[in-house]
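The values are calculated or read from the model by the stated rules, or taken from the named source; none is laboratory data. Quick caveat, the model's predicted, so the values are computed rather than measured. All Cβ positions, glycine included, derive from the backbone under ideal geometry; neighbour counts span all protein chains shown. Accessible surface areas use protein heavy atoms only, side chains included; no ligands, DNA or RNA. Shrake-Rupley method; radii C 1.70, N 1.55, O 1.52, S 1.80 Å.
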Amino acid sequence: MTRLERALKRGKVTEEINLLARYEHTIPETILNNVISGEIAVCKSDVRNIKPVAIGKGLRIKVNANIGTSSDASSIEEEVEKAHTAIEYGADMIMDLSTGGDIPEIRKRILDSVDVPVGTVPIYETALWAAKNSKGMVHMTSDDIFRVIDEQLAQGVDFITVHCGVTQAVVERLIEQGRLTDIVSRGGAFIVEWMLYNKKENPLYVEFDRLLEIAKKYDATLSLGDGIRPGCLADATDRAQISELIVLGELVDRSQSAGVQVIVEGPGHVPINQIETNIKIMKDLCNNAPFYVLGPLVTDGSAGYDHITAAIGGAVAGMSGADFICYVTPAEHLCLPSKEDVKLGVIAARIAAHAADIARGWTGAREWDDNMSEARKNLDWEKMYELNIDPEHARKLRSANLPNDDKLCTMCGEFCAVNKIGNILGVTRKE
Ligand code: SF4
């Protein structure tokens, strides 16, 4: 029986729900009721003994970091290090998107070395396996697709992105309407290439019940991927994107009826004024299932700084109701991210998530800021470093440019307003 089936059948608070309620500063009944309604998904399959992470209504917004090899760069050690860096800087989950080297071995190493939920996009491994063993990825069979999904979940993967909503009707609509950047999702591109070559419907859609059975076996969460997500501002919120979302909404119904937890993935590249609409449409069409956004990027011209562009979009998306933010690194659109890129991506996404948590009134979100403000008022530099999102970086910047009076900083020097007013109003300055 899955976690969702147990919650539906017994309606009882479990040890796991108590634990999650403590993490989230809420009462266990809130978690239980929202798991039952499908508005919260608890990510943790039955295979690994890790800390569960809950995503959804009323909870802290979670951050995911994508790591993984490519066909041009495939060091297992580096990817494991990136996973550790992502977690060190606060990522709640990791996705292994490897497409180069020994993919099952890389995944095993990552699964063995982290205690957070891990996600994958199984179609990558299937397509690469078929390219090697079946004379081309267009020759992969549905048995190949479901075999790899089963293998990955058996290995301990907690959630999988599956592009089930890329149907023939959706692809026809996309081709008919035209697009500036067509398809930018790797998984979406694999599926569409297969469908057009074989002139057949998407196996992940046709055999969705088979997918549900496999997910149930491990109590894994489905992340319904948006293979038709817009890859530029010009394509955002178009008919093709919304057509796929309508299909995903239907699949949310089917997943939840089958006792399988589900989250829904969203764009992508979206003008800032369309983000709220996107979240509202998604929530309305998908029974308020947890929404997982990649960014979204709010401008197309900032490669090298796309962690910032995505954080702007992520903050607006979170404020509008998105529950889970996938980081974007400075390497987006340019190359495979380095360890430093992973760090910067996680920090940017965490800032976005935290800003949105404050706006959503998540209990405990403001405490951090208020403590920092108190430390600033007291000119308590050690406390400020400790509370900073990146203490090491803050310490390094200040130490490189110390003021004459080391209780202040070089920004305003002797004209430090905090010090002046603190003295006038009698606030005790930390020595
Ligand atoms: S010198 Fe200026 S920036 Fe630095 S602590 Fe004082 S008021 Fe703040």
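Here are some notes:
- Verdict on residue 317 being over 14 Å from the mean Cα position of the chain (by Cα) and either assigned to a helix (DSSP H, G or I) or within 16 Å of the ligand (Cβ to nearest atom) (or both): no
- When residues in the stretch 356-403 are screened for being open to solvent by 50 Å² or more (accessible area, probe 1.4 Å), closer than 30 Å to residue 61 by Cα and small (Gly, Ala, Ser), 3 of them pass.
- Looking only at the stretch 277-305, residues that are surrounded by fewer than 23 Cβ atoms within 10 Å (Cβ to Cβ), within 18 Å of residue 334 (Cα to Cα) and not polar (S, T, N, Q) come to 5 in all.
- For residue 109, the conditions (1) closer than 21 Å to residue 211 by Cα; (2) modelled with pLDDT of 95 or more are fulfilled apart from (1).
- Only one of the numbered conditions (1) in the same structural domain as residue 326 (by TED's automatic domain parsing); (2) farther than 24 Å from residue 156 by Cα; (3) modelled with pLDDT of 95 or more; (4) not aliphatic (A, V, I, L, M) is violated by residue 24, and that is (1).
- Which numbered condition residue 1 fails, given (1) at pLDDT 95 or above; (2) outside the structural domain of residue 212 (by TED's automatic domain parsing): (1)
- Entry remark, the stretch 17-62: residues being under 21 Å from residue 282 (Cα atoms), open to solvent by less than 30 Å² (accessible area, probe 1.4 Å) and of a type in the set (Val, Ile, Thr) number 5 in total.
- Residue match in the stretch 404-411 (condition: closer than 18 Å to residue 423 by Cβ, surrounded by 15 or more Cβ atoms within 10 Å (Cβ to Cβ) and of a type in the set (A, V, I, L, M)): yes
- When each of 28, 104 is tested for being touching a helix residue (DSSP H, G or I) at 6+ places or on another chain (Cβ under 6 Å), within 28 Å of residue 258 (Cβ to Cβ) and touching a residue at least 12 places away in the same chain (Cβ under 8 Å), the lone residue that passes is 28.
- Residue in the stretch 336-348 that is more than 30 Å from residue 42 (Cβ to Cβ), part of a loop (DSSP other than H, G, I, E, B), assigned by TED's automatic domain parsing to the domain that holds residue 91 and more than 15 Å from the chain's Cα centre (by Cα) present: yes
- Taking the stretch 1-84 as the region of interest, the helices (runs of 4 or more DSSP H) fully inside it that hold 3 or more residues being of a type in the set (D, E, K, R) and more than 25 Å from residue 350 (Cβ to Cβ) are 3-10.
- For the stretch 257-310, the tally of residues that are part of a loop (DSSP other than H, G, I, E, B) and modelled with pLDDT of 95 or more stands at 20.
- Some residue of the stretch 339-346 being open to solvent by less than 30 Å² (accessible area, probe 1.4 Å) and within 21 Å of residue 230 (Cβ to Cβ): yes
- Looking only at the stretch 412-431, residues that are open to solvent by less than 90 Å² (accessible area, probe 1.4 Å) and either within 41 Å of the chain's Cα centre (by Cα) or not charged (D, E, K, R) (or both) come to 10 in all.
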